[in-house]
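One structure below.
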Amino acid sequence: MTHLLDPTAGAGSSRDGLDAWRDLPAVQQPSYPDLAVLKDVIGTLTTVPPIVQPHECDILRTRLAAVARGEAFLLQGGDCAETFDANTAEGIRGKVRTLLQMAVVLTYGASLPVVKVGRMAGQYAKPRSSDVEGSTGLPSYRGDAVNELHGNRTPDPQRLIRAYANSAAALNFMRAMATDGSADLEKVHDWNTAFVASSPLGHRYEELAQDIERALAFMRACGLDLSSMPATQGVELYSSHEALLLEYERALTRYDESGERAFALSGHLVWVGERTRDLDGAHIDLLSRVANPIGVKLGPTTTPEVALALAEKLDPLRVPGRLTMITRMGAGRVREVLPPIVRHVEAARGKGSVIWCCDPMHGNTTETANGYKTRHFDDVMSEVRGFFEVHASLGTHPGGVHVELTGDEVTECTGGAYELTAEDLAGRYETACDPRLNNGQSLELAFLVAEMLQAARATTSR
Ligand code: PEP
Ligand code: MN
């Protein structure tokens, strides 16, 4: 069995080498039982309208260029694995609200614009460490775009069409939420005030919330009508996902109107995961040839040399905002392994030639004695703190955070204000893959990161 549709369409067979990846090792691809069906599906996906537009990707890149310069902060968050069933208005609203709530707190803390990017509207494919699921012996679940979580684990190409349709619908809803008043600054702040009032650790966050309240009151007193100001009403919201399924990403890769640049139009920002970032592999090759802002995950075994080689391959022209390096080292390793990587990349390519973003989730996953995959809130925060410490000591910009979260009050990560324990996890453990911060834990993280950003700015402006 193979995942390759057209083994003859390799290097040089298409303009700009967009099919060169077909000649390269491609890991984590589904083994479809019937390639004729895949061919049919890909034929359809090649003709459907794209989910995002090239000019939107370009605008995001300019926003990210500000992050790279240290003039903005990146907030990227959403599910580990979106599912078709959970792709509801309520589910999307909850995640967008959580991102907006976090963004208000971070904007204040950083005194900088926050670039908001959902792990949403396309996060339907998962790389897996093992082909077989330990607990059941079944083939591993690889995301709703590939197979069923509760049901048939045989990869079904038709699911790619559903992934496309669900992504397009989610993005449509996100676009509406960006301008329909959902992002009203005062309303979002009111939710945060309610959170602070009800959280057992609310007193910890009260001061910052009151500072924001005072800032809003000051603006009103100056005669600024917040409810009529576009900047406090509408927001820019972007989508992102791991570009894992090569046939899917290739089918949605299109040229812009000038015909000069190809974009992966499945989402605004696409990233390569820790398991697929082989320098000479198919994923890095394909993404090196599209003009989107892109990300690459770096785990604790990454050497400084590999990090630099990846940066040079993915962003040889050093285009501002093009490349985000998403580091996920683990709370115990970040302070030791991150500095040489940052130092090496910045020394060779110049300061701020990539964005440094902290994923404090994937290096901190554990399993409880009662069999739940979890992450402790304190470990997550410890990695973020380590990330800030490293960048403070190197004089580089701690550019952003990348988190797995949901707007629902799930019980998947332990710790936090409610001090969730391993025993509590059974209450509402709903993730299809990795454990997510719930709405309250996400806000706690935002308040704590806002404090770190305030401290970082106080140091650099001195
Ligand atoms: C993920 O983001 O869900 C993931 C699998 O991350 P990583 O590639 O960093 O392991
Ligand atoms: Mn994950």
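The values are calculated or read from the model by the stated rules, or taken from the named source; none is laboratory data. Computed from a prediction, not measured in an experiment: that's the story for all the values here. Positions of Cβ are backbone-derived with ideal geometry, glycine not excepted, and every protein chain shown enters the neighbour counts. We work out accessible area using only protein heavy atoms, side chains counted, and drop any ligands, DNA or RNA first. Shrake-Rupley method; radii C 1.70, N 1.55, O 1.52, S 1.80 Å.
If you scan the range 371-409, which residues turn out to be within 16 Å of ligand 1 (Cβ to nearest atom) and under 18 Å from Q101 (Cβ atoms)?
V380, V384, G400, V401, H402, V403, E404, L405, T406
What pairs come out if I take residues in the range 293-315 that are under 13 Å from T327 (Cβ atoms) and pair them with residues that are hydroxyl-bearing (S, T, Y) and in a strand (DSSP E or B) whose C-beta lies under 7 Å away, six or more apart or interchain?
Close Cβ pairs satisfying both conditions: G295/T324; L298/T327.
Scan the range 143-154 and report the pairs whose first residue is among the basic types (K, R) and whose second residue is open to solvent by less than 50 Å² (accessible area, probe 1.4 Å), with Cβ atoms within less than 7 Å and a gap of 6+ or a chain change.
Sorted first by the residue in the range 143-154, then by its partner, the pairs are R153/Y141; R153/N147.
How many residues are open to solvent by less than 10 Å² (accessible area, probe 1.4 Å) and assigned to a helix (DSSP H, G or I) if we restrict to the range 390-401?
Number of matching residues: 2.
If the Cβ limit is 6 Å and pairs must be 6+ apart or interchain, which residue in the range 223-239 that is not assigned by TED's automatic domain parsing to the domain that holds V117 pairs with which residue that is polar (S, T, N, Q) and buried (at least 16 other Cβ atoms within 10 Å of the Cβ)?
L226/T232
If you go through the range 193-210 one residue at a time, do you hit one that is over 24 Å from the mean Cα position of the chain (by Cα), in contact (Cβ under 8 Å) with a residue 60 or more places away in the chain, outside any helix (DSSP H, G or I) and buried (at least 16 other Cβ atoms within 10 Å of the Cβ)?
Checking the range 193-210: at least one residue is over 24 Å from the mean Cα position of the chain (by Cα), in contact (Cβ under 8 Å) with a residue 60 or more places away in the chain, outside any helix (DSSP H, G or I) and buried (at least 16 other Cβ atoms within 10 Å of the Cβ).
For the range 335-375, what are the residues that are open to solvent by 50 Å² or more (accessible area, probe 1.4 Å) and either within 16 Å of ligand 2 (Cβ to nearest atom) or in contact with a His (Cβ under 9 Å, 6 or more places away or on another chain) (or both)?
Result: K351, T365, T366, E367, Y372, K373.
Being within 16 Å of ligand 2 (Cβ to nearest atom) and surrounded by 24 or more Cβ atoms within 10 Å (Cβ to Cβ) is the requirement here; does E404 meet it?
For E404, the condition - within 16 Å of ligand 2 (Cβ to nearest atom) and surrounded by 24 or more Cβ atoms within 10 Å (Cβ to Cβ) - is met.
Could you figure out which of (1) outside any loop (DSSP other than H, G, I, E, B); (2) open to solvent by 10 Å² or more (accessible area, probe 1.4 Å) isn't true of G77?
(2)
What about A417, is it open to solvent by less than 20 Å² (accessible area, probe 1.4 Å), in a loop (DSSP other than H, G, I, E, B), away from ligand 1 (no atom under 16 Å from the Cβ) and more than 24 Å from H241 (Cα to Cα)?
Against the criterion (open to solvent by less than 20 Å² (accessible area, probe 1.4 Å), in a loop (DSSP other than H, G, I, E, B), away from ligand 1 (no atom under 16 Å from the Cβ) and more than 24 Å from H241 (Cα to Cα)), A417 qualifies.
Could you list, ordered by first residue, the pairs with Cβ atoms under 9 Å in which the first is in the range 350-363 and β-branched (V, I, T) and the second is within 15 Å of ligand 2 (Cβ to nearest atom) and modelled with pLDDT of 95 or more, at least 6 apart or interchain?
Listed by first residue and then by second, the contacts come to I355/G295; I355/I326.
Looking at (1) under 17 Å from V96 (Cβ atoms); (2) in contact with a Pro (Cβ under 8 Å, 6 or more places away or on another chain), which is the only condition M452 fails?
(1)
So A432 ticks every box in (1) away from ligand 2 (no atom under 16 Å from the Cβ); (2) open to solvent by less than 20 Å² (accessible area, probe 1.4 Å) but one. Which box is left unticked?
(1)
State all residues of the range 37-46 that are open to solvent by 70 Å² or more (accessible area, probe 1.4 Å) and more than 27 Å from the chain's Cα centre (by Cα); if no residue qualifies, say none.
The answer is K39, D40.
May I ask you to list pairs of residues, at least six apart or on different chains, whose Cβ atoms are under 8 Å apart, with the first in the range 18-44 being among the polar types (S, T, N, Q) and the second being modelled with pLDDT under 95?
Q29/H3; S31/M1; S31/T2; S31/H3
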